[in-house]
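Taking it in order: structure first as structure tokens, then the write-up.
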Amino acid sequence: MSRKPSVLITGASGEIGHALIARLAAADPDRPIVTLDLNPLPPESAALVRQAVNGSILDTSLLDGILAQYEVDRVFHLAALLSTRSEFSPALAHKVNVEGTLNLLEFAQKQGESHGRPVAFFYPSSIAAFGLPDRTVKAKAGKVKEDDYNVPTTMYGANKLYCEHLGRYYARHYKQLAAELVSGKVDFRCVRFPGLISAETVPSGGTSDYAPEMIHAAASGQPYACFVRPDTRIPFMTMPDAVDSIFRLMGAPRARLTRTVYNIGAFAPSAAEIQTVVHAAFPRTEITTHVDEKRQGIVDSWPADVDDSAARADWGHNPAHGFASAFGEYLIPSIKKRYA
Ligand code: SER
């Protein structure tokens, strides 16, 4: 039992969880971290958390147990099925991505009511919430704003877009007809991440995975067949910048936030540009293109870049890595060390 303000992280064994736990533990070693994940945490993460609960976000008895035991005032709800995986099991994706998020929002609302402070709730949405109708429109649209082209073509994108609305509902309109004022409304904060690239971990089940897969394959001496056309362009960001953006958004005074959902970007290379820098760093590597038309179709519906001016103005989004430094200063040196 801990009555210290605690943090709950769902999906903590995933890529973002791995990086976030390290940063949270370093920033505030006294604040207990509780995790909820179907998979066990890697040992380096497990060493940093108070309790790692093994189980599903769909199991409300587990959430009730955490509610009774901890005074959670921050939730990072990272658990989800990613976009490629979700297309193979859309109904399951809806369960995990939507019902799971509803469970966590209810959890946060109840926690807030029990300790009288709104729970800060971080939700990672995605560029998958966008859906551009075709490549011509995509090329013309350039940097898209949050509220444009909100017509996703994937189950995952539809789930993310809807959960953005659910979060806004819990933050601003929850039980709006109740006679009594509802206390502890969830302080929902959300970014739409671009494709993320980590030097430490490789994603699974995403559609932006061609970039991280190409880099990790090349560094480990494996050939790689890229599943999108060389001219394919979407925004990307390094994992340290992604975690930095989570910290900045969660640390911002609530009054500064004009929105509940923010675009964030960093750099937006084509697949060919990524291939060129990876090839320069690992000249012996063999990178070919073998287009998967279906996954290509999904990436073609995502914007070539995002307009993140609101995030920059409201809470100082300012990624350290552009395209050149992401590869030159972070990815290539760290990955070389990892596979040495
Ligand atoms: N990068 C994720 C994916 O490809 C989208 O958020 O599924």
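Among the numbered conditions (1) part of a helix (DSSP H, G or I); (2) of a type in the set (A, V, I, L, M); (3) over 18 Å from the mean Cα position of the chain (by Cα), tell me where Val228 comes up short.
That leaves (1) as the condition not met.
Sort through Ala178, Ala158 and tell me the only one that's without any contact (Cβ under 8 Å) to a residue 60 or more places away in the chain, of a type in the set (Gly, Ala, Ser) and farther than 20 Å from Val306 by Cβ.
Result of the check over Ala178, Ala158: Ala178.
From the list Thr60, Thr35, which one is in contact (Cβ under 8 Å) with a residue 24 or more places away in the chain and over 20 Å from the mean Cα position of the chain (by Cα)?
Just one listed residue meets the conditions, Thr60.
Run down Thr232, Thr207 and say which single residue is touching a residue at least 40 places away in the same chain (Cβ under 8 Å) and closer than 19 Å to Lys143 by Cβ. Walk me through how you get there before you give the answer.
Details: Thr207 fails: closer than 19 Å to Lys143 by Cβ.
Only one candidate passes the filter, namely Thr232.
Suppose the filter is over 14 Å from Ser125 (Cα atoms) and either more than 19 Å from the chain's Cα centre (by Cα) or within 16 Å of the ligand (Cβ to nearest atom) (or both); does Ala199 pass it? Spell out the reasoning first.
Working: over 14 Å from Ser125 (Cα atoms): yes; either more than 19 Å from the chain's Cα centre (by Cα) or within 16 Å of the ligand (Cβ to nearest atom) (or both): no.
No: the conditions fail for Ala199.
Among the residues of region 113-122, is any basic (Lys, Arg) and modelled with pLDDT of 95 or more? Steps first, answer last, please.
Filtering region 113-122 down to residues basic (Lys, Arg) leaves 117.
Now narrow it down to the ones that are modelled with pLDDT of 95 or more: none.
No.
Report yes if some residue within region 169-191 is surrounded by fewer than 20 Cβ atoms within 10 Å (Cβ to Cβ), under 16 Å from the mean Cα position of the chain (by Cα) and within 16 Å of the ligand (Cβ to nearest atom); otherwise report no.
Among the residues of region 169-191, not one is surrounded by fewer than 20 Cβ atoms within 10 Å (Cβ to Cβ), under 16 Å from the mean Cα position of the chain (by Cα) and within 16 Å of the ligand (Cβ to nearest atom), which makes the answer no.
If Ser334 passes every condition in (1) of a type in the set (S, T, N, Q); (2) in a loop (DSSP other than H, G, I, E, B); (3) within 22 Å of Asp209 (Cα to Cα) but one, which one does it miss?
(2)
Kindly indicate the residue of region 273-303 that is surrounded by 16 or more Cβ atoms within 10 Å (Cβ to Cβ) and small (Gly, Ala, Ser) and also farthest from Phe236 (Cα to Cα) among those meeting that condition.
Only one residue tops the list, namely Ala281.
Quick one: how many residues across region 51-95 are within 16 Å of the ligand (Cβ to nearest atom), surrounded by 22 or more Cβ atoms within 10 Å (Cβ to Cβ) and either among the aromatic types (Phe, Trp, Tyr) or part of a helix (DSSP H, G or I) (or both)?
Matching residues across region 51-95 total 4.
Within region 203-248, restricting attention to residues that are hydrophobic (A, V, I, L, M, F, W, C) and over 24 Å from Ser125 (Cβ atoms), which residue is surrounded by the fewest Cβ atoms within 10 Å (Cβ to Cβ)? Step through it out loud before you land on a result.
If we filter region 203-248 for residues that are hydrophobic (A, V, I, L, M, F, W, C), which is where we start, we get 211, 214-215, 217-219, 225-228, 234, 236-237, 239, 242-243, 246-247.
Within this subset, residues satisfying the condition of being over 24 Å from Ser125 (Cβ atoms) are 214-215, 217-219, 225-226.
Details: Met214: 24, Ile215: 25, Ala217: 20, Ala218: 24, Ala219: 22, Ala225: 15, Cys226: 23.
Of everything passing the filter in region 203-248, Ala225 is surrounded by the fewest Cβ atoms within 10 Å (Cβ to Cβ).
Kindly indicate whether any position in region 181-195 is under 25 Å from Ser13 (Cβ atoms), in a loop (DSSP other than H, G, I, E, B) and polar (S, T, N, Q).
Checked against the condition, which is being under 25 Å from Ser13 (Cβ atoms), in a loop (DSSP other than H, G, I, E, B) and polar (S, T, N, Q), region 181-195 yields no hits at all.
With the condition kept exactly as written, say whether any residue in region 235-253 is within 15 Å of the ligand (Cβ to nearest atom) and among the acidic types (Asp, Glu). Break it down into steps so the answer makes sense when it comes.
Taking region 235-253 first, the residues within 15 Å of the ligand (Cβ to nearest atom) are 235-239, 241-242, 245-246.
Now restrict to residues that are among the acidic types (Asp, Glu): 241.
Checked against the condition, which is being within 15 Å of the ligand (Cβ to nearest atom) and among the acidic types (Asp, Glu), region 235-253 yields at least one hit.
Can you find, within region 126-137, the residue that is farthest from the ligand (Cβ to nearest atom) among those that are more than 14 Å from Met155 (Cβ to Cβ) and crowded, with 23+ Cβ neighbours inside 10 Å?
Phe130
Restrict the check to region 37-49 and report whether at least one residue is among the charged types (D, E, K, R), modelled with pLDDT of 95 or more and in a loop (DSSP other than H, G, I, E, B).
No, every residue in region 37-49 fails to be among the charged types (D, E, K, R), modelled with pLDDT of 95 or more and in a loop (DSSP other than H, G, I, E, B).
The values are calculated or read from the model by the stated rules, or taken from the named source; none is laboratory data. Every value quoted in this text rests on a predicted model; they were computed, and no experiment measured them. Note that we place each Cβ from the backbone using ideal geometry, even for glycine, and neighbour counts take in every protein chain shown.
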